[in-house]
Structures are given as structure tokens and as C-alpha cells.
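Each remark here refers to the structure printed beneath this line.
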């Protein structure tokens with residue numbers, strides 16, 4: 001069985017024919033060639049494949065590509081460019097929030113959703129928010145610090 | 001770690017979804033948020049010939065206050081419950097529990113109907129349904145029926161749904177007279193499945209408990225109301241003695257199994273400690289003090 005789907009990824013429209021069993025993670029990487037989205041555990045535990053679907057963070061390995069028909073998707077490629085990083089990416093660089101980089105796309109996308117939905121008043125709240133994303137290098141300290149820096153900056157701008 | 005091939009339909013109404021399941025002759029599977037089913041597909045532990053996706057059926061995602069109940073559509077996502085003002089105002093135990101349901105990315109997709117249908121014994125929504133005495137409304141080839149939550153869950157990952165029945169909404173009674181409540185959970189990692197979890201709510205008359213409601217999960221094959229524990233709270237006053245006696249009854253009422261995470265004894269002791277804490281918090285809330 002094959003199905004037509006139309007999705008917008010990072011502002012660009014795609015129309016593809018896919019099998020219903022194709023995961024959104026594989027659709028992004030294999031069909032569209034957007035390899036910024038990483039695939040770790042493939043059963044929703046590690047968070048590396050997290051992308052934004054209509055603005056909400058979602059595990060792309062737990063989403064069938066056909067379910068994204070008509071949706072707007074943002075992957076790590078859509079956050080910023082190497083020349084113009086977005087603020088969260090910039091703070092990941094400033095605070096040394098990554099080492100090997102495997103978990104980073106998922107951390108960034110999760111971070112974007114956390115910043116949008118929660119006050120993140122305490123570091124404990126940031127840690128709870130990141131509990132669904134595994135990192136085996138950093139010990140998380142610098143990832144928390146990077147998100148903290150963005151929160152502080154937003155609070156500074158607001159007051 | 002890729003699903004085996006299956007056919008896929010995304011019907012526009014419940015009747016067509018049921019017809020598609022009947023047509024699949026027992027080999028069809030309903031997908032709601034897909035957060036429990038997709039891992040099973042990826043592992044090929046589930047190999048249905050047909051996926052019936054409810055995603056495109058309109059009108060199944062809502063949270064409505066109707067008299068003394070909150071009615072929730074089956075496709076309502078966990079994140080919708082987490083951020084709902086109606087839930088915060090009328091089902092405070094649910095509001096407190098929602099951040100513990102998996103992680104944000106899962107809550108953005110997972111649905112209440114899906115969680116109840118999956119019936120994980122360590123999941124929050126089945127336990128909340130049992131705690132509140134919710135009514136689970138389902139539709140199948142023979143029509144609609146209403147199932148009390150306590151009769152819905154049969155054993156671990158198993159409920160009384162017929163293969164072609166679909167949950168379409170859930171009705172939660174508002175416990176208006178219960179002014180004190182608490183929700184306590186411990187998991188290995190915040191958002192993981194619970195090692196032990198308890199919900200308590202209390203009604204006080206003259207600083208004495210006049211009504212109580214207690215439910216636990218993670219410590220048996222299904223979430224459970226603990227009526228014996230509720231009974232010993234009726235007529236009791238606040239304080240350490242009541243809390244300890246309550247914890248003792250809760251510990252004695254459950255029969256957790258050993259598993260790869262922790263031993264049976266650990267879970268039993270944990271639920272006792274959480275019970276003590278939950279009673280004290282609920283009582284403090286009921287007398288109007290900050291816990």
C-alpha cells in the first residue's frame with residue numbers, strides 16, 4: 001500500500017508517495033535527505049528524533065509519516081543556519097551544551113517547546129522538561145545552563 | 001526496528017472506523033495518539049494487517065464541564081489536559097498528575113482514550129479514571145455502552161473492550177465536597193512509568209474526615225480503589241497516628257510483583273511512604289493550610 005502525502009518542512013512544501021509504515025523520522029532522513037534529525041532508540045525513549053509538528057514537539061520515530069499529511073514540520077535545520085544560529089543554538093555553543101552532538105537536535109527542539117510552554121523558573125523545572133531526552137556526554141549541566149541563559153535573557157527583555 | 005507492512009485507513013467518523021475494524025476480521029488495530037502502539041509496531045510485537053487511525057475523526061477532542069461532571073473526548077491529548085483551566089479548576093488531582101505522564105513530546109501526541117485502551121498498570125490516566133469513578137463510553141458494532149472504570153481494567157495491558165469497540169468519551173464526576181487532595185508518585189526518572197503512585201482526596205466536617213477516596217497504581221495488575229483504606233479514614237482526625245495507620249492499611253492492601261526495576265517489598269514500602277505523605281498533604285489542604 002502506498003499513499004500520497006503533502007507536508008511543509010522548514011517552510012518548504014514536499015509531496016511524496018510513502019508506505020503507511022514509514023516513520024516520520026525515516027521520511028525526514030531517507031526520503032527528504034534532512035539528516036539533522038537523529039535516530040537513536042526508535043521506540044520513544046531517547047528523544048534524539050524530536051521535531052516540531054504544527055509547533056508541538058513530537059517524537060518522529062513514534063509518528064507515521066502518513067499522519068503528518070498536511071502538517072507543518074520544523075527540524076533542527078529550520079531553527080537557524082551556521083551563520084545565523086537561533087538564540088538557543090547560540091547559547092548551546094556559548095555554554096558548551098554539546099559534545100558529540102548526537103542528542104543535540106532533540107535537545108534543541110525540546111528546548112524550543114519547553115521555552116514556549118513553561119515558565120522554567122527553576123533549574124529543576126528545566127531538568128524535568130529534559131527528562132525525556134538522553135545525553136551520554138555532557139552530564140546535562142551545560143544543556144540546562146544554555147536553556148537557563150535563554151530564559152534569563154527573555155525575562156530580562158520582558159522587564 | 002521498523003514496522004512490518006500494514007494497510008492504513010483514516011476514516012472521518014466513528015461508524016466507518018468500527019466498520020473497518022469489523023472488515024479486518026480481528027486483525028485490525030486502532031491508533032489514537034500512537035504513543036503506545038507505535039513502539040509495539042516498531043518492535044514488531046504488534047503486526048496488525050490494518051491500522052484504523054482515528055486522527056481525522058472530528059469532534060472527539062474536547063474538555064467540557066457538564067453539571068457535576070467533566071466530559072473529555074477520547075482524542076484529547078495529555079498536553080490539553082495538562083494546560084486546561086477546566087481540569088485545573090474541577091479535577092485538581094488530574095491536573096497534578098498530568099506533568100507525570102511521560103514527557104512533553106509524548107504528551108503532545110498521546111490521548112486519554114488511547115491510554116485507557118492500552119491499560120498500562122503503571123500509567124496515570126487509567127488510575128485517575130478509577131480514582132474519580134469515571135464512566136468510559138464506548139461504541140462498537142452492537143451500539144454504545146457505558147463502562148465504570150473499575151470494571152474496565154481487567155489485568156495488566158488488558159481491558160473489557162471487545163475487539164471492534166472504540167472509546168469515544170470519558171465522564172469524570174467532580175468531587176465538589178472533597179476540599180483536600182494529594183497526588184504522590186515515584187518513578188526512576190521523572191516522567192517514566194511509576195514504581196508507585198497514590199491519589200487521596202478528603203472531605204472534612206469539624207476537622208474530622210467525613211469522606212475519603214483513595215486509589216493506587218504501579219503496585220498491582222490494574223489501578224485500584226482501596227475501599228478498606230478509605231473506610232479507616234472516615235471519622236479520623238489529622239495527625240501522625242492516622243497517617244501511619246492509613247499507610248499500614250495501604251501497604252497491606254496491595255500485592256506488587258518483583259520486576260527488573262525493583263522488588264515487591266520495595267514497591268510495598270514505597271506505596272506506604274507515599275500514602276503517609278499523601279494523607280498529610282490532603283488533610284492540610286482540607287483545613288486550608290498550605291501543605
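Ranked highest first by the average count of other Cβ atoms within 10 Å around their residues, in what order do A:98-110, B:172-184 fall?
A:98-110, B:172-184
Over the Cα atoms of the range B:63-173, what radius of gyration and what Dmax do you get, in Å?
Answer for the range B:63-173, Rg first and Dmax second: 13.0, 37 Å.
From a point 7 Å beyond the Cα of residue B:142 in the direction of its Cβ, which residues of the range B:1-35 have a backbone N at a distance under 19 Å?
Correct set: B:15, B:18-27.
Hey, how many Å between the Cα centroid of the range B:105-147 and the Cα centroid of the range B:252-289?
Spelled out, the Cα-based centre of one part sits 23 Å from the other.
Whole-Å semi-axes of the range B:180-286's equivalent ellipsoid, largest first, each the root of 5 times a Cα gyration tensor eigenvalue? If you can, show how the numbers build up before the last one.
Values: eigenvalues 120, 34, 24 Å².
So the three semi-axes of the range B:180-286 are 24, 13, 11 Å.
Where does helix B:264-286 land angle-wise versus the long Cα axis of chain B, in degrees 0 to 90, nearest 10?
70
Can you give me the Kirkwood hydrodynamic radius for chain A, using every pair of distinct Cα atoms, in Å to one decimal?
16.1
Once you put a point 7 Å from the Cα of residue B:83 and another 7 Å from the Cα of residue A:69, both along the Cβ direction, what distance in nm separates them?
2.7
Using 5 Å bins from zero, what percent of all Cα-Cα pairs in the range B:190-248 falls into each bin?
4, 18, 26, 22, 14, 10, 5, 1
Calculate how steeply helix A:104-117 sits against the longest principal axis of the alpha-carbon atoms of chain A, using the helix alpha-carbon long axis, and give the answer as 0 to 90 degrees to the nearest 10.
The angle comes out near 70 degrees.
Considering the convex hull of the alpha carbon atoms of the range B:1-104, report its projected area averaged over all viewing directions, in nm², one decimal.
Projected area, direction-averaged: 7.9 nm².
For the range B:2-81 and the range A:86-114, what is the centre-to-centre distance using only Cα atoms, to the nearest Å?
The range B:2-81 and the range A:86-114 have Cα centres separated by 33 Å.
Just rank A:131, B:61, fewest to most, by other beta-carbon atoms within 10 angstrom. Provide the component values of the computation, followed by the final result.
Numbers: A:131 19, B:61 16.
By the 10 Å Cβ count, ascending, the order reads B:61, A:131.
Calculate log10 I(q)/I(0) of chain B for q = 0.09, 0.11, 0.12 Å⁻¹, where I(q) comes from the Debye formula with a single equal point scatterer on each Cα and nothing for solvent.
For the requested q values the scattering log ratios are -0.44, -0.64, -0.76.
Restricting everything to alpha-carbon atoms, can you work out Rg to Rh for the range A:1-74 with a Kirkwood hydrodynamic radius? Spell out each step's value before the answer.
On the way: Rg = 11.1 Å, Rh = 12.0 Å.
Taking Rh as the inverse mean 1/r over Cα pairs, Rg/Rh reads 0.92.
Using Cα-Cα distances under 8 Å and only pairs 6 or more residues apart, what relative contact order does the range B:1-102 have, in percent?
26
Could you check the simple spin-label distance between residue B:157 and residue B:263, using points 7 Å along Cα→Cβ, in nm with one decimal?
2.7
For residue A:14 paired with residue A:41, estimate the spin-label separation in nm (one decimal), with each label point 7 Å from Cα along the Cα-to-Cβ line.
Spacing of the two 7 Å Cα→Cβ label points: 2.5 nm.
Ranked highest first by average number of other Cβ atoms within 10 Å, how do A:114-122, B:196-204 line up?
Ranked by mean Cβ neighbours within 10 Å, highest first: B:196-204, A:114-122.
Report P(r) for the protein assembly as shown: all Cα-Cα distances, bin width 10 Å, range 0 to the bin holding the largest distance, values in whole percent.
4, 20, 28, 26, 16, 5, 1
For the modelled label position 7 Å from the Cα of residue A:94 along Cα-to-Cβ, which residues of the range A:119-154 have backbone nitrogen atoms closer than 12 Å?
What the label zone holds, given the 12 Å backbone N cut-off, is A:145-154.
Shape verdict for the range B:28-79, please, from the Cα gyration tensor: rounded (a/c under 1.5), prolate (a/b greater than b/c) or oblate.
Here the range B:28-79 falls in the prolate category.
Coordinate-derived values only; no laboratory data. Just so it is clear, the model here is predicted, and its values are computed rather than measured. We place every Cβ from the backbone using ideal geometry, glycine too, and count neighbours over all the protein chains shown.
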